[in-house]
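Trainee: Starting off with a structure, shown below.
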Amino acid sequence: MRAGKLDKKIEIQSFGETVDDYGTVTEGWITFATVRAQVLQSSTEEYLQSAGTTAQTAIVFRVRWRSDILTKHRVAYEGQAFDVKEIKELGRRDGLDLRCIATGG
């Protein structure tokens, strides 16, 4: 994997609890890794849902291989959050393609 193609910075986030300075526990998305990525594909995909057809933004991020990224995580990129829907391993632990869908909020 060529480092020059990893020209974007993304954050990998997990849902969990945090404690602020006052001891208050809150739930939310916590960044556990900031990595370099290549944006391979960005498109609008249509999905059939109960209310009809809806359009969602789909994007594929290529990153160096990591063992700690799961489909329960999400990616933050350019101020938008994307749910990780599929993880595809490239080669023998060379990299990962993260297929993601933009979140609603």
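Trainee: What residues have an amide H closer than 5 Å to that of residue 65, excluding those fewer than 5 places away on the same chain, when H is modeled at 1.01 Å from N in the peptide plane?
Mentor: For residue 65, whose amide H was placed from the backbone, the distant partners under 5 Å are 95, 96.
Trainee: Can you give the charge dipole size of the stretch 1-43 about its Cα centre, rounded to the nearest 20 debye, using +1 on the beta carbon of Lys and Arg and -1 on the beta carbon of Asp and Glu? Kindly include the intermediate steps, with their values, before the conclusion.
Mentor: Details: 5 positive and 6 negative charges, 124 e Å.
Around 600 debye, computed over the stretch 1-43.
Trainee: Can you check what the net charge comes to around residue 14, using other residues whose Cβ is under 14 Å from the Cβ of residue 14 (Lys, Arg +1; Asp, Glu -1)? Don't jump to the answer; show the numbers that get you there.
Mentor: Values: positive: 66, 72, 74; negative: 11, 17, 27, 68, 83.
Surrounding charge for residue 14 is -2.
Trainee: Please give every one of the aspartates and glutamates within straight-line cross-link reach of residue 85, meaning a C-alpha to C-alpha distance under 19 Å, and leave out same-chain neighbours fewer than 8 residues apart.
Mentor: By straight Cα distance, residue 85 reaches 11, 45, 46, 68, 97.
Computed from the coordinates by the stated procedures, all read-outs in this text should not be read as laboratory data. None of the values given here were measured: they were computed from a predicted structure. Note that we place each Cβ from the backbone using ideal geometry, even for glycine, and neighbour counts take in every protein chain shown.
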